[in-house]
Amino acid sequence: MSFVDQSIQIGSLYLKNPVLLASGTVGYGNEIAQFTDMSKLGGIVTKSLSLKPRKGNPPQRIVETPSGMLNAIGLANVGVEVFIKEKIPFLKELDTTIICNIAASSIDEYVECTKILNSVDIIQAFEINVSCPNVKEGGLIFGNDLNSVGRITEKVRAVTKKTLIIKLSPNVSRIADFAKVVKDEGGDAVSAINTLVGTAIDIWTRKPKIKNVTGGLSGPAIKPVALAKVLEIKRKVDIPIIGIGGIMNWKDAIEFMIAGASAIQIGTVNFINPNAGVEIVEGIETYCEKCSIGKLSDIVGSYQI
């Protein structure tokens with residue numbers, strides 16, 4: 001029997017351990033449930049939801065890259081109504097925490113989605129994906145604009161008491177400024193980081209391999225960048241951080257927690273090893289036992305500089 005306490009508290013959100021499955025990499029849970037024991041994980045972040053269904057971008061939408069992958073799925077999803085009707089019954093059966101990711105193309109849509117989903121009991125937190133283009137302002141990416149991130153946080157905060165997490169873009173010069181505005185406007189935590197912008201070109205056709213031209217780069221290739229962004233936020237803003245970016249094993253997870261992450265999300269690794277989350281939980285346990293760490297949260301932000 002283990003005596004390691006892996007539980008984590010973020011706002012009012014309780015996680016039995018810090019390992020979450022990242023949005024967009026495990027669908028709505030049913031796709032991965034047959035390959036791993038979801039009850040052993042801290043939680044699952046659902047695929048991004050918008051008010052109405054979205055088809056997303058045309059293929060090719062995914063390209064493998066050295067130590068990573070590019071994706072330009074385009075936030076394809078079933079929409080809020082279908083999610084509640086068809087996906088919630090399965091999620092209700094899972095013995096794990098459900099965090100709902102919301103992606104929208106206007107501030108009003110973020111608010112409306114949150115309002116509707118707020119009444120669903122099993123959803124315990126919202127992760128707001130601000131790396132979306134604002135259609136009302138000519139396609140400006142919300143997440144690259146401090147005022148937009150502040151306004152989204154403030155408006156969504158007004159319609160829910162559940163834990164509010166803002167997923168930050170790394171494609172900015174000072175990510176800590178964005179974390180600060182989230183805190184100032186009532187956000188409970190930030191997820192860091194979303195994907196980096198990347199592309200790949202076919203040398204024979206001289207055309208981009210992705211139909212959308214650019215996509216989001218994820219996987220081990222971005223881990224040092226993600227780690228640096230988590231450290232930057234931790235050193236400058238007092239707000240819980242959920243670390244994301246190239247986490248492949250328990251060592252990566254511990255590294256992020258030492259840098260300042262209270263919890264972590266795994267994404268790309270789910271495509272390679274659907275049981276990676278459970279293996280990471282077990283690896284963290286062994287590490288804590290070896291290092292005589294009784295409470296995992298004690299190592300959060302324990303870096304020495």
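Every read-out reported here was derived from the displayed coordinates using simple, explicitly stated rules and does not represent laboratory data. A quick note: this is a predicted structure, and the numbers were derived from the prediction, not measured. Methodologically, a virtual Cβ is constructed for each residue, glycine included, from the backbone with ideal geometry; neighbour enumeration extends over all protein chains shown.
Things to note:
- Applying 1/(1 + (r/R0)^6) with r as the Cβ-Cβ distance of Asp177 and Gln9 and R0 = 22 angstrom yields a FRET efficiency of 0.30.
- Separation in nanometres of the label points that stand 7 Å from Cα toward Cβ, at Thr205 and Gln60: 0.6
- Whole-number Å³ per residue for the convex hull built on Cα positions in the chain: 131
- Loop-resident trypsin sites (Lys or Arg not before Pro) (DSSP state other than H, G, I, E or B) in the stretch 1-69 with no more than 13 further Cβ atoms inside 10 Å of their Cβ: Lys55.
- Residue-wise HN-Hα coupling along the stretch 33-43, computed from phi with Karplus coefficients 6.51, -1.76, 1.60 (Hz; x: Gly, Pro): 4, 6, 9, 8, 8, 4, 5, 8, 9, x, x
- Considering only alpha-carbon pairs that sit under 8 angstrom and 6 or more positions apart, the relative contact order computed for the stretch 165-305 is 20 percent.
- Shown here for the stretch 247-305: chymotrypsin sites (Phe, Trp or Tyr not before Pro) in loop regions (DSSP other than H, G, I, E, B) with at most 12 other Cβ atoms within 10 Å, of which there are none.
- Beta bridges by DSSP in the chain, antiparallel share as percent, to the nearest 5: 40
- Low-density loop cleavage sites - trypsin sites (Lys or Arg not before Pro) in the stretch 131-167, where at most 13 other Cβ are within 10 Å (DSSP): Lys161
- The relative contact order of the chain comes to 20 percent, based on Cα pairs under 8 Å that sit 6 or more residues apart.
- Kyte-Doolittle mean at least 0.0, axial Cα span of 15 Å or more - DSSP H helices of the chain: 276-290
- For the stretch 86-153, the spread of Cα positions along each principal axis, largest first, Å: 41, 18, 15
- Electrostatic tally near Ala22: other residues with Cβ closer than 14 Å to its Cβ, Lys and Arg +1, Asp and Glu -1, net 0.
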